[in-house]
Amino acid sequence: MKKINFKNLKFSINNTVVITFAIVLVLLLNITAVLVETKFPKLKLDLTESRVTKISNETKSMLKRLDEGDTEIDIIYLKGTKDADSRVTSVIEQYDAFSKNIEYKVVNYHTNPVLLNSYSITADANVDDSVLVARKDKSKAKLINASEMIVNNQSGTVFKLENLLTNAIGAVSSDKQMTVCFTTGHGEIVGAVKTDENGNNVTGGMMLVGFLRSENINVYQYDLSTGEIPEGIDIVMIMSPESDFTQAEIDSLDNYLLKGGSVAVSLPSAIVLPRLEGYLENFWGISANNDIISEADPQSQVDETGVYFYANKTGNDIVKDIYGRVITSYARSLSFNPTDNIEADVLLTSSSNAYSMPIGENGIDTQKVKTGQFNLAYALEKPLNGSFENTAKLIVTSTESIWGITHDSITNYDKIIDISLEEKSFGNSDFVINALSHSFGEAIESINVPVKTSMVSVLTMSRMQAGLTSKLLGFVLPFAVILAGVIIWFKRRNR
């Protein structure tokens, strides 16, 4: 009878117990993690680099302010025929968890096709996986289309859901909204269609429109030739027109301002508009020089020509606290001739090392270059009825790029300006919000939730590196593991 080796038996039992314990522990940890995440959505774990499914501090601050009031919000996920996108539902669940005034619902739109009618919303036929944000009393609602929330491009996946959702909640919970009207009929940049290098249509001005709407601002377009500016328009925006205004349109604009209105004007480069510019100079003292500003200061330059550069901020309240740098290009210089009863403040300038190149009939005259600091944006106020308690307000910029838009995306730098309202490292979006808040006479609650991107990273290796890596993983590493196992087995066998 073979003698039992109790030493080996004990070793085997210990191994079995340890392995069993490890397996049970892993299972318990997974079950616990799922239960905790389900019970406490605030503790959701997101290991992605940009935390794409975890709500930001900006959103948490907005939800805290929402809870201080009594407005209750429904967030309704319009479920389609397929399973819900877990990335979307994971984000929405956190809104529900962080705010007592928010209720999250999932509704099968196909079994309740008249749902949107009760919220006075007209949508396209396909609203699968869209999100409806509405007051519980259904007095205000906003629909976020599925195609807007998560966008795939060549470089990765852009997650806009939190940005759109947070601002939609701000829009429907607010009792007061700014209304902006863009003028049309003169080749203004808003609504202008441009084509990129691939032949795709890109609506440059609509980027600004989309940004304003994401900031809870009502946006309309109006042709001044049809008559007086309608009631309820808080700010009229004239974005880089390519043809001049008629005298009747100038009169309509002036009448609006004399009623306490606010206007923002972005003048085009290399185009002179005698009537519009004459009105600005004669009635407001502000004039645009027929030149192009280039930047010679290396700290301010974006490209080697200096045509694309970062503007300097002044101490005015509109710009002094802007975090990022305002990028600009193809700017004209502005001048102010002191006029009775008009207050004028410079907002943006070039550096003192910039230079101005005049534009003549034959193009840019490089023989008459002037150097120095040049003004690029002004804020002006005119008192009404002899008192600054009620004023007409005017913002004038020497280029549309300050507002984050361009007529043509030709170079990589044009494309940078095109995304400057989304890219929070630039100060253009803050300039837009602060300038409009000043014109509105009341601060806009800008909820600057960053757009998150999950980038596609490509590891590039030479043929030699690929061959060495293949051999290492395919032969060397497995052989080393087997060899280590044999050595350990041999040592234990001889114990």
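The values are calculated or read from the model by the stated rules, or taken from the named source; none is laboratory data. Predicted model, so just to flag it, every value in this text is computed and none were measured. All Cβ positions, glycine included, derive from the backbone under ideal geometry; neighbour counts span all protein chains shown.
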(message) within 32 Å of the chain's Cα centre (by Cα) and crowded, with 19+ Cβ neighbours inside 10 Å: which single residue out of GLU295, GLU304 fits that description?
(response) GLU295
(message) For the condition closer than 21 Å to SER266 by Cβ, in contact (Cβ under 8 Å) with a residue 60 or more places away in the chain and of a type in the set (Phe, Trp, Tyr), what is the one hit in TYR310, TYR330?
(response) TYR330
(message) What's the total number of residues in the stretch 267-306 that are free of Cβ contacts under 8 Å to residues at least 40 places away in the same chain and over 19 Å from LEU224 (Cβ atoms)?
(response) 5
(request) Looking for whichever is surrounded by fewer than 16 Cβ atoms within 10 Å (Cβ to Cβ), at pLDDT 90 or above and over 24 Å from the mean Cα position of the chain (by Cα) here; the options are LYS42, LYS105. Which one fits? (result) LYS105
(message) Between a residue in the stretch 346-357 that is assigned to a strand (DSSP E or B) and any residue that is surrounded by fewer than 19 Cβ atoms within 10 Å (Cβ to Cβ) and basic (Lys, Arg), which pairs come within a Cβ distance under 6 Å, given they are 6 or more apart or on different chains?
(response) SER356/LYS370
(request) Give the residue that is nearest to GLY306 (Cα to Cα), with candidates limited to residues of the stretch 334-343 that are surrounded by fewer than 19 Cβ atoms within 10 Å (Cβ to Cβ) and at pLDDT 80 or above. (result) SER335
